[in-house]
Structures are given as structure tokens and as C-alpha cells.
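The values are calculated or read from the model by the stated rules, or taken from the named source; none is laboratory data. Everything numeric here is computed off the predicted structure, so don't read it as measured data. For neighbour counting, all protein chains shown are included, and Cβ atoms are generated from backbone atoms with ideal geometry for every residue, glycine included.
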Amino acid sequence: MTYLQARGVVRAYGRTPALRGVTLDVAEGEIVAVTGPSGCGRSTLLHCLAGILRPDAGQVTWRGERIDGWSEAARSRLRRTEFGVLFQFGQLVAELTAAENVALPLLLAGTGRREARTAALTWLERLGVAEVADVRPGEMSGGQQQRCATARALVTEPRVLFADEPTGALDTLAGEQVLTHLVRLARDQHTTVVLVTHEPRVAGYADREVMLRDGVVDHSGLGLDASLPGGHR
Amino acid sequence: MTRVSTSHVLLGLLATGPRHGYELKRAHDERLPRARPLAFGQVYATLARLHRDGLVAPAGQERDGGPDRTAYALTGEGPHALDRWLATVEPPMPYVASTLFAKVVVALLVADVDRARDYLIAQRRAHTARLRELTAVKTAPTASLDDVLAADFAIAHLDADLRWLHTTLDRVADWHREVHS
Amino acid sequence: MRPAALLRLALAGTRTDGARVALTALSATLATLSGLAALTVLAVVKPPGDARAESVQYTNALLREPGLRPGVAFALLMLMVPVLGLAGQCARLGAPARDRRLAALRLAGATPGEVTRIAALETGLASLLGTLAGLAVHLIGRRLLHRPGPDGRLALPTDVQPAPAAVAAVVIGLPLAAALVSALLLRRVTTTPFGVVRRARARAPWPWPGLLILVGLAMFAAFRPVGLWYERRHAEPPLWLLPALLIVGSLAAMVGVVAGTGWISHTTGRLLHRYARRPAALLAARRLTADPWAGSRTFAALLAALIFGAGAAGIRADFLATIELHRRIGGGMGASDAFYLRAMDLVDLTVAVAMAIAAGGLLVAVVEGITARRRAYAALVATGVPRATIGRSLLWQSLAPAVPAIGLALAVGYLLVRGVYPAPSGGGYPEEICDAGRQLCGDPLTRAQHTRTEWVPKVTVPPDVPWEHLAWFAAGGLAAVLLTVGVGLLFLRAGATVEELRTT
């Protein structure tokens, strides 16, 4: 059975086409980088795969089920339970502390507050930011914020983590720390990661790279990299 | 990349105390994990040159169930030479000297654009594979600081090469289009 | 900076800035209209005669009776309060975008003073446009509405003009005040070249506004004792003293209630945080404690209108009690009773209009809050937080402080009035009653035979608490809050879209 799959996905913003028929397979447990020049449709593909956007045409299947036709509520539930989402910046609720931000998905799932906080603290610890548990995002560094956001994306132990330029707003070292933690934890938990980036250095964290160009997968040989022969994993 | 001055690296390693040749080789390979490993012959040749220049001196012999080993220590002049080296700024990229760069230029000169393109694509694939390998080394939970620093150094250069490869591919495509239309 | 350059920069902006300027101008127009209307009513000249001489040229008793005209003018001036509140809310519309623009100006080398002047100028010019428009509408309206009836009487005081100096004071003074207030508000904003940093208040609000409310209540309660004190000494109190008691007292109470909302927000936020089980309540609780003054800012005009309304309800209850008293002991105002109650209906209408305007301000504030956070909301929606949860958190966030604040405003408004008016009482005096017909009683000779003296018992009619009235006001206030949250949710639907998250 295929794990996560896009078949001929088309999506436009108004009259501007972003995706013109993308076909892509993501296997369980692999880390895939989606790269390409600005405006190639990387983020849109991620949003379609994660069920945030509905494609105009084509299919998105998740473990054999087509999710592109699901209602907003059903897709919300899927994103809350099976998927985790991580953005470039600005995703933490400014008024909540780090621990509360991380606990939010668990509270939504109906977990009790005490239990949710314990889990949140564990994940903050794993990402090396336990010291900011009771601090609000405005008082953290960008790297700390992004690590909290990563903890929030992983706290529900999702099967797939979607990360859209997760280090785009960070300096190199902070970005490396976020990615190192993210990749290590994903491998430990056997979480699949779809990583959107324009930086070769960030794409280097993936097992495989898919390059988009003008809304389609670039098959010119440049975009398709087989995984390393006898490489990592 | 300019050649690393082995003699100065050895001076630096001896600054922490006297060592004999084998120890120096081990220390070198450990501290510079991603560098080309040092050959024994090179260690002894370099030590001999440093001795001739009066920067190191033998500091006693040691017999350890094998052949004689001569330990070396810095002379009074040694630290000064090391200081001078450390204080000298490396000329930043004095020449654009890279086989990668030369190959692309020559490919465009003697072959057609497609040839250059094919080469660029193959090279990019190799670069990406190496980048991924080094990233895996770096993110391994067992990686030491020296491992991470060495991998960082290599990754930064591969990253720069890859960016250049991308840009060049786009430029070549544009140039091709301009010439053939 | 040259004035022309200053002007150009003050007028540079986006569509949101345009909307803010338009709304600021509109509220300035409304404020000018009510201000000029009040001035016109005050300009009606009292005809010669005793203190009760009526201006017979008007059909409306509210304008005819000299004793009522100040009340009418006061009610019209009161309308300016929610209108100015609306203007204050409008100033917040698109503020983040404007702040970014101001920061860019700082980056380009403008001094903090120049940036403040630019922002103040924008507000001032918008208000000036508004007041000029208001003046024009007033002048045209006067001409159009000047329609004497068949008997030559007028429905409105279109035959008098307010003093030119007073008109100028309104038309020029309002924009100046608006510019000053805007400069004052920017004082709390450190405009650095790298974006605007609002200094966050780390301290929780103290319940000092409670003290202000008590002072206001005390001043109203002191109104009669002070008057009696002078009476007992056969002296007239200074002319300013009694009005000052009422004006300062009502201002103190109003500021107390509005500022007290900050404390209420913080406290309800803390309580909610302690007992919240669901994410919606938790989000609302944290937002309330993070910026407790947001509640004060948003609800200010609504609360002012409610205080006024509760006061009016108190006065009406007092009228009703007085009518009841007269019914019991005889005598009374007769036909004028009905007139006073009609006048109170007019006051209630004013309050309703004020609340509607205040709801407009509330809406601006809610929409502004949502658009300012739309990226965070979009991110929450993307990570699978249902929009309903965010909607519920907005509802919690608005209602949790609004319910106690509305209750407080109504209680304070009612108690202020009760402080001034004691329960109407009468009787406690002897009365001569002539039992015979008019002819016998009219003749002083025969009258004495038919006359008996009867003791009229002392009767006090404590006015009923106008629960029904107050409940209507409370319902109106809550409806305004609910309505604005509802409209806000529509904006949330449009705002929290995934487009906010695009990085490429």
C-alpha cells in the first residue's frame, strides 16, 4: 500500500497556476526534501499533501484513502492527529507560554491539562528548550521559538511531519540545531518528514530530494536523486 | 583550496607537549577528522625540516618493545614561528582554481551546451550525495565537536558549490536559448 | 521637514489607512453634528419674563421650556462620548500597518518627533475634514429643515445660530484634540526604526478604579446634603459647586468603570486560566491576562452609554415613584407627568443610538484584533485547530469580561442617580378640606363651617429598582457584544486562510 501519494495534483491561485500536475510518492519513515526556485509551488504542494489546501484537480492519498475530497473538519482532524505541521515563523500563539503552546494539540484532543503539560515539558526537554517552558514567544530567540514549534508539531507523535522552510527565518547555527533535533527525533519515532526548502544545505538533511520547477516535478535528472547507495538509514 | 601547511599543524600539535612521530600522526588525524590522512613518511620528513630550521629539537628517546622512537619538542623559536603563522591572514580566494570550474569552462569551449549540462547534472548529484553523507555524520548522536566542525566546513563549501551549480545551470540554459533563437 | 513633505507623508498609506481616515472623518462629522445641535439648543434666547417663560415659537416642549433645554443639550453632548469612542477605535484600525510605515520612516532617517507629528497630522487632518463636512451638513440641514408650520411655529430651533466663536471652537477644537490625543497615544509607542514596540505592562492592573467609582458615588450622594447645608445657613452655594459635583462625579465614575474593566479582564482571565479545561477557554484566558486593557479600550464607549442609560432608568423610576406619591396624597404634575415620561423615552432613544455607535466601535476593535493575529490564526487552523475553537475563544474573550463590566456599569449608573434623588416622600402636614360645594367653599363666610383639618400622613414611595429597564440595557449591551463577535468570526473565516502562510 502506498503511504502518502500525490497524483497529477493541480492547484491555482486565482488565475496564477502554482501546481500543474505533480505526481509524488512518499514512503513510510523517509525524509523527503521538496526544493526548487522561488514560485515553483513548493509550499502549495506541501499544503495539498497536508490537507490544508484542496487541489483543483488530481488526487492526494494517505494510506490508500483519498483525502482531497474530505471535508474541512475531517482534514482538520487528520492534521491534528496523524500529521504535524511546522512553518517558517509566527505560528506560536503570542499570549500562551511555550509549554501551553506545545500542549495545545493535546488539549484539543481532549487530554487533561496536567497530563498535557507533562507531555509538553517532555518534548521541550527533547528539543533542548526546557528552560523556556514558562516563557512567552515574544521573549524567546527565533531558534527557541522554532524549537517550541517543532515540539508542538511532534507532541502528538504524528506519522508525517510537514515542514515549510522551518529554518528560513533563523541564522545558520540556530537552523542547524532545529534541523538536527527534528531529524534525530523523526528517525527515532520513525516519522515521515516532508521538508520544503530552497537551500541545498537544508535539503542535505533529507534522504531524497524532489525538485519542482514551474509547478511540475523536474525530471531533467537534476531533480531526481535516488537515495544514497548504502547511505544513511 | 590552498594546501595546508603540515609543518605549522605539527608545530601546533607539539605546542601541547613533546610527542614522537606516531603520536603526531594520530593526533593530526584525530583533530582534523575530514582531512587527508597524514603519511608516516611525511611526518618524519616534516620533522626533519623543522629540526633543520631550528624550530623543534629531539627531546629524548623511548624504547617500547619496538624500534627506537624519538620524541620532539618545540625549541624557543618554535612558538614564535607558530604565532607568526596564526597571525597571518590567509589571502581570500587569490585565484579561482577549481577543477569543477575549469571543467565547466572547458566543456563549454570544446563541447556543446548539452555536454556541459550533463556534466553539471552529474556533478550536482555527486555533490548532493556527499552533502547528505556529511550531514548524516554531523547529526549522528555520537558526533564529536571535531566531527561537527569538519563536516560543517565541508558542507559550507559543498553548499556554495551547489548554489554555483544551480546558477550556472540556469545561466547556461538562458545563454543557450539566446544563442539558438 | 517642510510642511508639504509632512503632509505628503501623512497622506501616504494603504487602503486600510484610507478606511481609518474615512472612519475618523465620519466620527468627527457625527461629533460635530451633535455638538452643533447642542450649541444651537443652548442658543435659544429665553424670552423676557420670569424663569419659566417659554419660547413659544417651538412646537416641542423640550425646546419651549427653559428648564429642559440644558438637559436636551446635555443629552446631545452625551452622544459625543460614544462617537469619540468610535473615533478612538478607528485610530487602532490598521495600526500595525501604519506602525510599520512609521518604522520605515524612522529607518529612512525621520526623528521620533517627526514621526509622531506625521501620525498626529494624519488624525488631525482626517478629523478636520470630518468637522468641516459636519459644519456643511449642519448649515444645509438648518436651511432645509427650517419649515414653519401653519401657525408659524417651528419643530426645531432653526431660527437661531450658535455663536460663531463656539462653532469655530467645535470645528477647530475637535481636530486639535484628536491630534493631541493621537500624539499622546503614540507616546507609549517607542517608534524605533525596527518596528514599533509597545511597552507591555508587566504589572497586573490594580483595583484602584474601584476607588474612583466610590468617589463618583460619594460626590453624587453629597449633592443634596451640600445643598441642605447651605440652605440651613440661608446661603447660596457657589454657582459652580453643585454642577461640579455632578460633572466631576460622573466623570470619576465613568473613568472608574472603564478602567475597572481592565482589572475585571485580568481577574476573569486569571480565574478562567485556573479553571479552563478546553483550549478555547485557555486561549481566551491568556489573551485577557496578556492585555487586560484591551477590554477597557473596546468596551469604553459601550460602558459609558450603559452608565448613562442606567442613570436614565433610575430617573424614570423616580418619576414613576413621584407619580405614585401624588396619586396617594393628591396633587401632582398631571398632564406634565406624561410629558416627562415621553422625555425619558427620548433619552432612552439617545442611549440606544449611543449603544449602536458604541457597537460600531466594538466591531472595529474585534476586526482589528483578528486581522492583527491572522497569521497566528492561519497557522493554528493549518495545524488542525478547528475554526470553531478559535471562534469559541473569541466569544469567551469578549463575554467573560463584558458580563461583569456591563453589570458594573448598570449598577453604578443606577446608584449615581439614587444618590442624588432620595425616595420621593410627601405628606406629614395638615391640610384643610372643604367638604361643601364650590359656592359655599368659595365664600369665606360660609367656608369655615364646612372646613375640617386633616393630617396628611407622611408617605414615602421608594422607587422600584427598574429591573426590566436595566435588563433591557444589559441585553442590548450583550447583544452588541455577541453581534460584533459574530461579524468578527466572518472576518476570521476570510482572514485565517492558508495564503497567510505562503513563504514563496
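Here is a yes/no grid of residues against (1) part of a helix (DSSP H, G or I); (2) assigned by TED's automatic domain parsing to the domain that holds B:LEU10:
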residue: B:ASP83; (1), (2): yes, yes
residue: B:PRO94; (1), (2): no, no
residue: B:ALA126; (1), (2): yes, no
residue: B:LYS138; (1), (2): yes, no
residue: B:ASP146; (1), (2): yes, no
residue: B:ALA160; (1), (2): yes, no
residue: B:ASP170; (1), (2): yes, no
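Checking each residue in segment A:41-58 for being within 18 Å of A:PHE162 (Cα to Cα) and more than 12 Å from chain C (Cβ to nearest Cβ) picks out A:LEU49, A:PRO55.
Taken over segment B:152-176, the criterion of being more than 10 Å from chain A (Cβ to nearest Cβ) and more than 14 Å from B:ALA116 (Cβ to Cβ) is satisfied by B:PHE153, B:ALA154, B:HIS157. Filtering B:LEU32, B:LEU38 for residues that are within 25 Å of B:LEU145 (Cβ to Cβ), out of contact with any Cys (no Cβ under 7 Å at 6 or more places or on another chain) and in contact (Cβ under 8 Å) with a residue 60 or more places away in the chain leaves a single hit, B:LEU32.
I'd like to check something: does segment C:153-167 contain any residue that is in a loop (DSSP other than H, G, I, E, B) and more than 19 Å from C:LEU33 (Cβ to Cβ)? Checked against the condition, which is being in a loop (DSSP other than H, G, I, E, B) and more than 19 Å from C:LEU33 (Cβ to Cβ), segment C:153-167 yields at least one hit.
Is it the case that B:ARG124 is closer than 28 Å to B:ARG171 by Cα, modelled with pLDDT of 85 or more and basic (Lys, Arg)?
yes
Checked against (1) more than 25 Å from A:GLY138 (Cα to Cα); (2) within 12 Å of chain A (Cβ to nearest Cβ), C:PRO386 passes all but a single condition, namely (1). Against the conditions (1) farther than 24 Å from C:ALA290 by Cα; (2) within 12 Å of another protein chain (Cβ to nearest Cβ), A:VAL160 satisfies every one except (2).
Each row is one residue, and each column tells you yes or no for (1) surrounded by fewer than 21 Cβ atoms within 10 Å (Cβ to Cβ); (2) touching a strand residue (DSSP E or B) at 6+ places or on another chain (Cβ under 7 Å).
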site	(1), (2)
C:VAL364	no, no
C:PRO404	yes, no
C:ALA411	yes, no
C:GLY419	yes, no
C:SER425	yes, yes
C:PRO430	yes, yes
C:GLN439	yes, no
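Do the conditions hold for C:THR289, that is, is it crowded, with 23+ Cβ neighbours inside 10 Å, among the β-branched types (Val, Ile, Thr) and part of a helix (DSSP H, G or I)? Against the criterion (crowded, with 23+ Cβ neighbours inside 10 Å, among the β-branched types (Val, Ile, Thr) and part of a helix (DSSP H, G or I)), C:THR289 does not qualify. Filtering segment A:90-101 for residues that are in contact with a Ser or Thr (Cβ under 9 Å, 6 or more places away or on another chain), surrounded by fewer than 24 Cβ atoms within 10 Å (Cβ to Cβ) and more than 7 Å from chain C (Cβ to nearest Cβ) leaves an empty set. Among the residues of segment C:114-127, are any closer than 19 Å to C:GLY35 by Cβ, among the small types (Gly, Ala, Ser), crowded, with 20+ Cβ neighbours inside 10 Å and touching a Gly at 6+ places or on another chain (Cβ under 8 Å)? The answer is no; no qualifying residue exists.
Listed here are the residues, each with its yes/no results for (1) in contact with a helix residue (DSSP H, G or I) (Cβ under 9 Å, 6 or more places away or on another chain); (2) modelled with pLDDT under 75.
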residue: C:ALA402; (1), (2): yes, no
residue: C:LEU408; (1), (2): yes, no
residue: C:TYR429; (1), (2): no, no
residue: C:GLN449; (1), (2): yes, yes
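The single condition from (1) modelled with pLDDT under 90; (2) surrounded by 21 or more Cβ atoms within 10 Å (Cβ to Cβ); (3) part of a loop (DSSP other than H, G, I, E, B) that A:HIS198 fails is (2).
Here is the figure for segment A:57-88: residues that are outside any strand (DSSP E or B) and on the phi < 0 side of the Ramachandran plot total 18. The set of residues in segment A:119-132 that are of a type in the set (A, V, I, L, M, F, W, C) and either modelled with pLDDT under 90 or touching a Ser or Thr at 6+ places or on another chain (Cβ under 7 Å) (or both) contains only A:LEU127. Candidates in segment A:164-186 are the residues that are in a helix (DSSP H, G or I) and polar (S, T, N, Q); of these, the one that is farthest from the chain's Cα centre (by Cα) is A:THR172.
If we keep just the residues of segment A:111-136 that are within 9 Å of chain C (Cβ to nearest Cβ) and assigned to a loop (DSSP other than H, G, I, E, B), which is surrounded by the most Cβ atoms within 10 Å (Cβ to Cβ)? Checked segment A:111-136; the qualifying residue surrounded by the most Cβ atoms within 10 Å (Cβ to Cβ) is A:ARG136. Looking at the structure I just gave you, is A:LEU107 modelled with pLDDT under 90 and either exposed (fewer than 15 other Cβ atoms within 10 Å of the Cβ) or not in a loop (DSSP other than H, G, I, E, B) (or both)? Taking the combined requirement at face value, the residue satisfies it. Against the list (1) farther than 25 Å from C:ALA358 by Cβ; (2) of a type outside the set (S, T, N, Q); (3) in contact with a helix residue (DSSP H, G or I) (Cβ under 7 Å, 6 or more places away or on another chain); (4) away from chain A (no Cβ under 14 Å), the condition C:LEU282 fails is (4).
As a summary of the residue check, B:ASP112 satisfies the conditions (1) more than 22 Å from the chain's Cα centre (by Cα); (2) surrounded by 16 or more Cβ atoms within 10 Å (Cβ to Cβ); (3) more than 8 Å from chain A (Cβ to nearest Cβ) except for the one numbered (2). Exactly one residue out of A:THR2, A:THR16 is surrounded by fewer than 17 Cβ atoms within 10 Å (Cβ to Cβ), more than 16 Å from the chain's Cα centre (by Cα), closer than 16 Å to A:VAL194 by Cα and modelled with pLDDT under 90: that is A:THR2. Taking the condition in contact with an Asp or Glu (Cβ under 7 Å, 6 or more places away or on another chain) and either exposed (fewer than 14 other Cβ atoms within 10 Å of the Cβ) or assigned by TED's automatic domain parsing to the domain that holds B:ASP146 (or both), does B:GLY54 pass? In short, yes. Scanning segment A:59-85 for residues that are more than 11 Å from chain C (Cβ to nearest Cβ) and not aromatic (Phe, Trp, Tyr) turns up A:GLN59, A:VAL60, A:THR61, A:ARG63, A:GLY64, A:GLU65, A:ARG66, A:ILE67, A:ASP68, A:GLY69, A:SER71.
Flag not set for C:MET254, criterion: in a helix (DSSP H, G or I), over 23 Å from C:GLY85 (Cβ atoms) and aliphatic (A, V, I, L, M). Close Cβ contacts (under 8 Å, 6 or more residues apart or on different chains) running from residues in segment C:249-269 that are crowded, with 23+ Cβ neighbours inside 10 Å to residues that are among the charged types (D, E, K, R) comprise C:GLY269/C:ARG286; C:GLY269/C:ARG287. Taken over segment C:249-286, residues that are under 23 Å from C:ALA409 (Cα atoms) and not β-branched (Val, Ile, Thr) amount to 19.
When you look at A:ARG42, is it crowded, with 18+ Cβ neighbours inside 10 Å and basic (Lys, Arg), yes or no? So A:ARG42 fits the description; yes.
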